[in-house]
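Take a look at the structure set out below.
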Amino acid sequence: MKKIILAFSAACMMLATVAQSTKIAIIPEPTELKQGEGSFKVTTSTQISIGKDEASRSIANELNASFEKAAGFKLKVNAGAAVANSIQLSLLKSEDKDLGNEGYRLAASATGVKISANKPAGLFYGVQTLLQLLPNEIESKKVIKGIAWTVPSVSIMDKPRFGWRGLMFDVSRHFFTKQEVKEFIDDMVRYKFNMLHLHLTDDQGWRIEIKSLPKLTEVGAWNVKKTGQFNYFSQPADDEPRNYGGFYTQEDIKELVKYAKERFVDIMPEIDVPGHSLAAVAAYPELSSTPGKYKVNSGEPFMDWSDTGFTALVDNALCPANEKVYEFLDKVFGEIATLFPFEYIHMGGDECAKNFWEKSDQVKALMQRENLKNQHEVQSYFVGRVNKIINSKGKKMMGWDEILEGGLVEGAAVMSWRGMEGGIDAAKKGHEVVMTPNSHVYLDFMQSDPAIEPPVYASLRLSKTYQFEPVPEGVDPKVIKGAQANEWSEQVFNTRHLQYMVWPRSLAVSEIAWSPKKTRNWNDFVSRVEDHFDRFNFADRKYAPSMYDPLVNVKKGEKNKLLVDFDSELSGLDIHYSFDNSYPDNHYAKYDGTSIEVPIDAIKLILISYRNGKPIGRMMTIGIDDLKKRAEKKKK
Ligand code: ACM
């Protein structure tokens, strides 16, 4: 009897293993998915069947690149009638109205996989889904032997909620090479993003060759390498080498645009004016309203950011009253327009300090001549002129939501970043809008407690990002082009940290931008995120494990006693803690949901999340002085 029970339990365990290995964890969640029985096994004799078109061949080659890297074999690509034991990529001869331009159907059974779509983009997304149906090891950059490359039987119909699924990559504050941008594209398409917004210019660097204005890159692309905390760096000395940075030649840009296009990604260039223009002003000082000697910023303080507004300590704005500025912009946007096929050019428009304009006689004269009542109207005048230049190059203009101030120009599209309000306002006036509110999708913000994250001035946890809804109540969904997350790089000095900031919050954004609103489910999402952490490990891609870290809330109780409470983004975690400077393991006090009084002589709180008795979060140490400051700040 005992033997029978043992054999039965072994069989159950095997079944459980099989069931576990066929767990489906696709991000973004497909529109419709039905799982069947059994699976298809990809072997060296499996073929990829394609039609006669070049697009399908190149998608097949991409799929093969994954097999070659991870499995050590390539599948034969067969352009002809579909055969058994194949992965078939098929462009539909008559349109499937349910799919649009980017949708696909994927059917996997024991005999093979069939992906069909109206357009190549759909096949490409179907292949991204297929990769996620394969074992996580398919993401490995090294060959892994002994894996059964199985695809669970499944029937999927999938298409995106939004046509604009973007990530903004700031290559100005820190320069990232052409190869690094390609890798960024490789990562984003895994999750069906189709828009790369490149922030190409800022105070810290001008990153694109403009042939008619060579100093932009000879001077504007270089600053002094500093290490430490951006915005607190020491003033560079005159003799410190300005050799940190770089730029893309026009040939590089053509290569990137082509690389992106082959992966169904558009690149939208941003030339950020009139503010954030110190790199341009350093190259051509006559463009500012206070011409003088300027240097590209290297991270030393140059703006006074206060709660009520901001003031430039160094004039980093183009002069709106100088015709030379518009001649300059005509050249810049003329060359930009020939390099980027995408219909929009982003002109920035954010955070332009007006304190130097206010003092400029030229600007005062402009205000009189054009009857401009205040500096917002001056900026609006500037935006109107830029809009005309961009339109004259056959492109539409987009800008950050500050372009609404002083009146929004006809035909301009708005990227709403200071919350949703700018976007709502613009949408109600019939302008096209992309929602990128800093409340939900700013990837440069810290992902958990400041005690454990690299310091940035604000925090944004994964669960908050997942709550983002791009279409606000009362707004015509047709004018909301989509959603985008923004990765600013002031504090991002290398690609490993870039990845840490981008993942996993971009997984949430991908699901928001692609999947139907009704399928959104936090618990289900995080369980899939955990599966994708495993994929990231195979891909050697860094990600933030911050969702496991406890949330710490502190307040003052009776007699000014300090009280702490903990919380978790995930359910089912235990939080163990200490106040005696020793490392808490799972035998230490466990938070039970009631406020904990901080012992009067304690100097540190140390805490860590556990799951099923195993540590899962990072150990977090917070000084009691820090807790006191947090409690005081909360009281204000
Ligand atoms: C922005 O974050 N300044 C657009």
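The values are calculated or read from the model by the stated rules, or taken from the named source; none is laboratory data. Fair warning: this is a prediction, and the values are worked out from it, not measured in the lab. Positions of Cβ are generated from backbone atoms using ideal geometry, with glycine treated the same way; all protein chains shown enter the neighbour counts. Quick note on the areas: whole protein, heavy atoms, side chains included, nothing else; ligands and nucleic acids left out. Shrake-Rupley method; radii C 1.70, N 1.55, O 1.52, S 1.80 Å.
For GLY407, state whether it is surrounded by fewer than 22 Cβ atoms within 10 Å (Cβ to Cβ), touching a residue at least 24 places away in the same chain (Cβ under 8 Å), touching a helix residue (DSSP H, G or I) at 6+ places or on another chain (Cβ under 6 Å) and small (Gly, Ala, Ser). Judged against the criteria, GLY407 is a match.
Annotation for the stretch 297-310: no member residue is among the aliphatic types (A, V, I, L, M), surrounded by 17 or more Cβ atoms within 10 Å (Cβ to Cβ), in contact (Cβ under 8 Å) with a residue 24 or more places away in the chain and away from the ligand (no atom under 16 Å from the Cβ).
Is there a residue being surrounded by 19 or more Cβ atoms within 10 Å (Cβ to Cβ), over 27 Å from LEU607 (Cα atoms) and away from the ligand (no atom under 16 Å from the Cβ) anywhere in the stretch 522-535? Among the residues of the stretch 522-535, at least one is surrounded by 19 or more Cβ atoms within 10 Å (Cβ to Cβ), over 27 Å from LEU607 (Cα atoms) and away from the ligand (no atom under 16 Å from the Cβ), which makes the answer yes.
Taking helices (runs of 4 or more DSSP H) as the structural unit, those lying wholly within the stretch 437-520 and holding at least 3 residues that are within 16 Å of the ligand (Cβ to nearest atom) correspond to 438-441. Listed conditions (1) in contact with a helix residue (DSSP H, G or I) (Cβ under 6 Å, 6 or more places away or on another chain); (2) more than 30 Å from LYS142 (Cβ to Cβ) are all met by LYS542, apart from (2). Against the list (1) under 30 Å from HIS532 (Cβ atoms); (2) without any contact (Cβ under 8 Å) to a residue 60 or more places away in the chain, the condition ARG173 fails is (2). Within the stretch 321-359, the set of residues being within 16 Å of the ligand (Cβ to nearest atom), over 19 Å from ARG385 (Cβ atoms) and open to solvent by less than 20 Å² (accessible area, probe 1.4 Å) comprises ALA353 only. Across the stretch 568-583, the qualifying residues are those that are in a loop (DSSP other than H, G, I, E, B) and touching a Lys or Arg at 6+ places or on another chain (Cβ under 9 Å), and the one among them that is surrounded by the fewest Cβ atoms within 10 Å (Cβ to Cβ) is GLY572. Counting the residues of the stretch 431-448 that are crowded, with 19+ Cβ neighbours inside 10 Å and farther than 22 Å from TYR344 by Cα gives 7.
Given the structure, is ALA148 touching a strand residue (DSSP E or B) at 6+ places or on another chain (Cβ under 7 Å), farther than 13 Å from PRO28 by Cα, open to solvent by 10 Å² or more (accessible area, probe 1.4 Å) and among the aliphatic types (A, V, I, L, M)? Yes, satisfied. Within the stretch 466-483, the set of residues being more than 24 Å from ILE27 (Cα to Cα) and among the acidic types (Asp, Glu) comprises GLU473, ASP476.
Among the residues making up the stretch 113-136, those that are open to solvent by 10 Å² or more (accessible area, probe 1.4 Å), touching a residue at least 60 places away in the same chain (Cβ under 8 Å) and either of a type in the set (A, V, I, L, M) or not in a helix (DSSP H, G or I) (or both) are ALA121, LEU133, PRO135.
Out of MET501, MET435, MET446, which single residue is under 21 Å from VAL383 (Cβ atoms) and at pLDDT 95 or above?
MET435
In the stretch 184-202, the residues that are in contact (Cβ under 8 Å) with a residue 60 or more places away in the chain form Cβ pairs under 7 Å with partners that are in a helix (DSSP H, G or I) and of a type in the set (Ser, Thr, Tyr), at six or more places apart or across chains, as follows: ILE185/TYR259; TYR191/SER506; TYR191/SER510; LYS192/TYR125; LYS192/SER510; PHE193/SER510.
Here is the figure for the stretch 419-436: residues that are touching a helix residue (DSSP H, G or I) at 6+ places or on another chain (Cβ under 6 Å) and within 12 Å of the ligand (Cβ to nearest atom) total 2. For the stretch 251-278, a residue qualifies if it is within 16 Å of the ligand (Cβ to nearest atom) and either within 17 Å of ILE210 (Cα to Cα) or touching a helix residue (DSSP H, G or I) at 6+ places or on another chain (Cβ under 7 Å) (or both), and the qualifying residues are MET268, PRO269, GLU270, ILE271, ASP272, VAL273, PRO274, SER277, LEU278. Within the stretch 588-605, does at least one residue satisfy the condition of being crowded, with 16+ Cβ neighbours inside 10 Å, within 15 Å of VAL554 (Cα to Cα) and either within 32 Å of the chain's Cα centre (by Cα) or charged (D, E, K, R) (or both)? Taking every residue of the stretch 588-605 in turn, at least one turns out to be crowded, with 16+ Cβ neighbours inside 10 Å, within 15 Å of VAL554 (Cα to Cα) and either within 32 Å of the chain's Cα centre (by Cα) or charged (D, E, K, R) (or both).
Yes/no matrix, rows are residues, columns are (1) under 27 Å from ALA485 (Cα atoms); (2) small (Gly, Ala, Ser):
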site: LEU256; (1), (2): yes, no
site: LYS261; (1), (2): yes, no
site: GLU270; (1), (2): yes, no
site: SER277; (1), (2): yes, yes
site: GLU327; (1), (2): no, no
site: ASP330; (1), (2): no, no
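Restricting ASP549, ASP626, ASP574, ASP540 to residues that are without any contact (Cβ under 8 Å) to a residue 40 or more places away in the chain and of a type outside the set (S, T, N, Q) narrows the list to ASP574.
Out of all the residues in the stretch 468-502, which are among the β-branched types (Val, Ile, Thr) and farther than 17 Å from LEU198 by Cβ?
If the condition is that a residue be among the β-branched types (Val, Ile, Thr) and farther than 17 Å from LEU198 by Cβ, then VAL471, VAL475, VAL479, ILE480 are the ones that fit.
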